[in-house]
Structures are given as structure tokens and as C-alpha cells.
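Enquirer: This is the structure, below, for whatever I ask next.
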Amino acid sequence: MTNAGNKYIIHTERGLAIAGTRITLYDVMDYLKADYPHKYIRDIFNLTDEQMNGVLAYIEAHQAEVEAKYQEVLQTAQEIRDYWQERNRERLAKIAAAPPRSGYEAVRLKLIERRMQREVNNK
């Protein structure tokens, strides 16, 4: 995969990235896949219109290759999450089974109330 003619995309050890930033194309792809508007994505990453247009042009020109690499990145991220979840499974179960800390009752009740309100609002 080459970035010939696109000065906004560079190859780094982390994969394809936006030149002058630490933002990968895969970060942008997450938002594109979720159907966020391009202007919103541009603003989230604090990109210029030229950078955003360069990213979109590169993705369009190399769609199959970018998509394949994006799927690899997602798979690797899932493997890492699974590894750490398994590694910390016993520790997390122990934390969940521990009795609530004293002195936090009011905060805990407020969190429960907000969770219930959020569930009601989401229905």
C-alpha cells in the first residue's frame, strides 16, 4: 500500500497515520464505520479540512487494503482485550465480591439513581 500523491498519509510503526499527528487511519475508520459526519470526525481529531479530505481520498483510493488492515487492527485489539480480561478475571471477581467501602453510601445511592434514570430515558 502506498501513499503516492497523498501528502497527508504516512506509514509509521503503528500503521497508516495522518502526517504530523499520532492519529491513525484506523482511528478515523472507527468513526466512519459508525456513520459520524465528516465534519464531526474532523473536529474530534482537530484536523484541517485539507487533512480530512486527504484522509478520505486515501481511504477511497485504497479501500480494500485499508479495510483489510482495519480488520486486522480490530482483531488484534480484541485479542489484547481478551488476554487482559482473562488475566484479571480472578482479580475483578474478587473486587466485585468485596463489600462496599464505608463512607460512600450517599455516592453509591446517587449512582444507582442516575443509572435507573438513564435506563428509563433509554426506553
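The values are calculated or read from the model by the stated rules, or taken from the named source; none is laboratory data. Here the structure is a predicted model, which means the values were calculated and not measured. Every residue, glycine as well, gets a Cβ built from its backbone with ideal geometry; the counts of neighbours run over all protein chains shown.
Enquirer: Quick one: which residue in ASP27, ASP35 is within 19 Å of TYR70 (Cα to Cα), among the acidic types (Asp, Glu), free of Cβ contacts under 8 Å to residues at least 40 places away in the same chain and buried (at least 16 other Cβ atoms within 10 Å of the Cβ)?
Expert: Values: ASP35 fails: buried (at least 16 other Cβ atoms within 10 Å of the Cβ).
Checking each option against the conditions leaves just ASP27.
Enquirer: In the list MET116, MET52, which residue meets the criterion of being in contact with a Lys or Arg (Cβ under 6 Å, 6 or more places away or on another chain) and at pLDDT 90 or above?
Expert: Details: MET116 fails: in contact with a Lys or Arg (Cβ under 6 Å, 6 or more places away or on another chain).
That would be MET52, the only listed residue that is in contact with a Lys or Arg (Cβ under 6 Å, 6 or more places away or on another chain) and at pLDDT 90 or above.
Enquirer: Out of segment 88-123, which residues are in a helix (DSSP H, G or I) and of a type in the set (Lys, Arg)?
Expert: Going through segment 88-123, the residues in a helix (DSSP H, G or I) turn out to be 89-97, 105-122.
Once the filter is applied, which keeps residues that are in a helix (DSSP H, G or I) and of a type in the set (Lys, Arg), segment 88-123 yields ARG89, ARG91, LYS94, ARG108, LYS110, ARG114, ARG115, ARG118.
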